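S.K.: Provided herewith is a single structure, encoded as structure tokens, for subsequent inquiry.
Coordinate-derived values only; no laboratory data. Everything numeric in this text was worked out from a predicted model, so none of it was measured.
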Amino acid sequence: MDRMDHLEHLDRHLADELAQVARETIRDELRQQTRKQRRKATLYAASGAVALYAGAAVALAAGLALALVLPGWAAALITAALLGAAAHLLRSAARPAAPGTAHGSVAARAADRDHVPGATPPYPPVPPMP
């Protein structure tokens, strides 16, 4: 019986050691993947910052070109209005469609296009405007 207790102790020791090796291996692998992802995220952030400055340079060039034929304040105002309109359009394109959007929205047109005749429409019918 004493011999069986000794073997049980060895089995427990071997299982503990195997679990420790597995934990260390997984930890090292996760560290390596984290390092790679951190480097990739840093490069994406740097490219975004450079693109932001490139866009600012293009906006400045457009404003200076307009300033050749208009007063400086008008050129700056027009450039700001164009950038604001572009930002609004991009934000609208990125935002998901709200549940009660009108039929004229992009999502509603896509739903109309994908609608199968005879099937229930994906939204309730809207009465016609008077």
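S.K.: With a ≥ b ≥ c the root eigenvalues of the C-alpha gyration tensor of region 8-57, is it rounded (a/c under 1.5), prolate (a/b larger than b/c) or oblate? Please report the intermediate quantities before stating the final value.
M.R.: Values: a/c = 13.27, a/b = 10.28, b/c = 1.29.
Note, shape of region 8-57 comes out prolate.
S.K.: Same structure again: Output wanted: per-residue J couplings in Hz (rounded whole) for region 14-25, from phi through Karplus 6.51 cos²θ - 1.76 cosθ + 1.60, θ = phi - 60°, x for Gly and Pro.
M.R.: Per residue, the Karplus-derived 3J(HN,Hα) values read 5, 5, 4, 5, 5, 5, 5, 5, 5, 4, 5, 5 Hz.
S.K.: So how much slack lies between residue 94 and residue 42, counting 0.36 nm per residue of separation and subtracting their Cα-Cα distance, in nm? List each step's numbers first, then the result.
M.R.: Numbers: separation 52, 0.36 × 52 = 18.72 nm, distance 2.37 nm.
My answer for the length gained is 16.3 nm.
S.K.: Right, next: Please work out how much length the chain gains when fully extended from residue 23 to residue 69, using 0.36 nm per residue of separation minus the C-alpha to C-alpha distance, in nm with one decimal.
M.R.: Result for the pair: 9.6 nm of gain on full extension.
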